[in-house]
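One structure is given here, and the rest of the page talks about it.
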Amino acid sequence: MQIVKAEFRCSSERISQVPSDSLRDIAFIGRSNVGKSSLINMLTGRNGLAKVSGTPGKTRLINHFRIDDAWYLVDLPGYGYARTSKSQRNEFSKLITDYVLRCEKMHYLFVLVDARLEPQKIDLRFIEMLGMNGIPFGIVFTKADKLSKTQLARNVGRYREVLSEQWEELPPMLVTSSERGTGRDELLEFIGQCLAQG
Ligand code: GTP
Ligand code: MG
């Protein structure tokens, strides 16, 4: 699949504000600073479409980017940063859980994880929540440019290992680098298939 046209549509602070048309959302979530906004820019080939920052917590609202007048790429706020409450119950903001669990537009979710790190508890808890609720999702490893091939294979393998302790079926996994454009074609192909499946 190719992206020809990408335009910012709106920022929402509540799910009641997301676009009311029937176009479906392909959304990106993950810890603050993992590279969600960068990945959206990389996929659309439009630097600056989504705001990128070295300071975690840059994206605070749900941002819809309309793609080829046919679907939306959605940039979600990061989790795991500046939480007001440390209790596990509240570690994912209401905005995030409302969107993920209740927004009908949400067609497929990519959970971004930093390829350099051991599986993080907060990501595992988020993935568990998705699994329990039957939300369709895949895992996208980011910042692959910061690792050698061997390190990358080891870290992806480690993720498979940890997830297979809990799940019989593993989610799809894709490796990307927004810096180098790695994984762009594969991710676009995958999104094309998701959207084709209706
Ligand atoms: P929040 O909106 O704060 O939740 O962050 P985010 O997940 O949208 O991350 P963002 O795209 O703003 O990127 C965070 C930092 O990581 C920036 O300094 C990016 O330049 C850097 N970054 C993102 N993707 C990559 C990548 O593939 N490779 C490298 N080397 N750096 C990256
Ligand atoms: Mg962001």
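The values are calculated or read from the model by the stated rules, or taken from the named source; none is laboratory data. Just so it is clear, the structure is predicted and the values come from calculations on it, not from any experiment. A quick note on method: Cβ atoms are made from the backbone with ideal geometry, for glycine too, and the neighbour counts reach across all protein chains shown. Ligands, DNA and RNA are excluded from the accessible area calculation, which covers all protein heavy atoms including side chains. Shrake-Rupley method; radii C 1.70, N 1.55, O 1.52, S 1.80 Å.
Side notes on the structure shown:
- Electrostatic dipole magnitude of the stretch 6-192 [Cβ: Lys, Arg +1; Asp, Glu -1; Cα centre; debye, to 20]: 780
- Springs join every pair of Cα atoms under 10 Å in this Gaussian network model of the chain, and among MET173, MET129, MET42 the largest mean-square fluctuation is at MET129.
- Across the cross-link table entries LYS36/LYS105; LYS51/LYS121; LYS5/LYS51; LYS94/LYS146; LYS36/LYS58; LYS58/LYS94, which are compared at the Cα atoms, the separations over 21 Å belong to LYS51/LYS121; LYS94/LYS146.
- Remark on the chain: ratio of C-alpha radius of gyration to 2.2 N^0.38 Å is 0.96.
- Order of exposure, largest accessible area first, which applies to ARG160, ARG66, ARG154 with probe 1.4 Å: ARG154, ARG160, ARG66
- FRET E, pair MET1, ASP69, Förster distance 22 Å, beta-carbon r, rounded to 0.05: 0.95
- The chain: most fluctuating residue of GLY138, GLY78, GLY30 per GNM, C-alpha cutoff 10 Å: GLY138
- Computed [θ] at 222 nm, deg cm²/dmol, the chain (DSSP H ≥ 4; -39,500 (n - 2.57); rounded to nearest 500): -9000 deg cm²/dmol
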